[in-house]
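The values are calculated or read from the model by the stated rules, or taken from the named source; none is laboratory data. Owing to the predicted nature of the structure, the values given are computational and were not obtained by experimental measurement. FYI the Cβ positions are ideal-geometry reconstructions off the backbone, even for glycines, and counts take in every protein chain you see. Note: areas computed on protein heavy atoms with side chains; ligands, DNA, RNA excluded. Shrake-Rupley method; radii C 1.70, N 1.55, O 1.52, S 1.80 Å.
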Amino acid sequence: MPLVRRDPTSPTISATASTPDLQRDADDLGFDLGTEKDPRARETLLATLVAIADPSAAVALARHLRSEDAGLRNACIEALQSMPAAAGSVLPGLLSDPDPDVRILATEIVRTQPTGPANEWLAGLLDVETHPNVCGAAVEVLAEVGTPDAISALLAARTRFASEAFLPLAIDTVLARLDKGR
């Protein structure tokens, strides 16, 4: 008896998962992302949102920064990092979010932004931030992408957090690096 190949009559999840549907609404994709447990399907949803790469996709991804699922949070951060222009539309809101954990995660997204806006956002955050861990996250990113434009915000944060054990030293390290770059 010869071998006969029979194609399935309807597409399976793996077949549909490999073909992103760019026509779907980013909000719907974001909702599905929050409930999807299958890793391959989740990756497909993330890839589709990254392919859309507009402000609506950024909003759909940013809403998951509050998720209890660390894997989902990290995947959304990586997706937002891969689309800097779209992510820029949600960063001001994320950097001023009432939840300090969201603000800390937002600094990681700022890391991949163009240098000018990244320094502006992080300096603005340092000017008003009251949580030392959020400032520490901003200082860490400025150590990598900072320019002399951030010096005044760093100095003000150093004064404001002088009693914190780690921040003044971290800020001094960044200031020394930025001073050498002048």
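A few points about this structure:
- Per residue, the accessible area of the chain comes to 55 Å² when a 1.4 Å probe rolls over the protein heavy atoms.
- Placing +1 on each Lys and Arg Cβ and -1 on each Asp and Glu Cβ, with no other charges, gives the stretch 141-182 a dipole about its Cα centre of roughly 80 debye.
- Taking Cα centre as origin and charging only the Cβ of basic (Lys, Arg, +1) and acidic (Asp, Glu, -1) residues, the dipole magnitude of the chain rounds to 380 debye.
- For a label point 7 Å along the Cα-to-beta-carbon line of residue 81, residues of the stretch 121-149 with backbone N under 14 Å: 141-142, 144-145
- Within a Gaussian network of the chain (alpha carbon springs, distance under 10 Å), most fluctuating of 50, 102, 128: 128
- Two-site FRET efficiency, residue 166 against residue 131, from Cβ-Cβ distance with R₀ of 22 Å, rounded to 0.05: 0.95
- The charge dipole of the stretch 63-149, taken about its Cα centre with unit charges on the Cβ of Lys, Arg, Asp and Glu (plus for the first two, minus for the last two), comes to roughly 200 debye.
- Estimated FRET transfer efficiency (residue 115, residue 54; beta-carbon r; R0 22 Å; 0.05): 0.45
- The angle between the Cα long axis of helix 115-128 and the longest principal axis of the Cα atoms of the chain comes to about 60 degrees, rounded to the nearest 10.
- Mean sequence separation of contacting Cα pairs (under 8 Å, at least six apart), scaled by the length of the chain, corresponds to a relative contact order of 13 percent.
- Among the trypsin sites (Lys or Arg not before Pro) within the stretch 34-63, those in coil by DSSP and having at most 12 neighbouring Cβ atoms inside 10 Å are 37.
- Rounded percent of accessible protein surface that carbon and sulfur make up, the chain, 1.4 Å probe: 56
- Springs join every pair of Cα atoms under 10 Å in this Gaussian network model of the chain, and among 29, 46, 169 the largest mean-square fluctuation is at 169.
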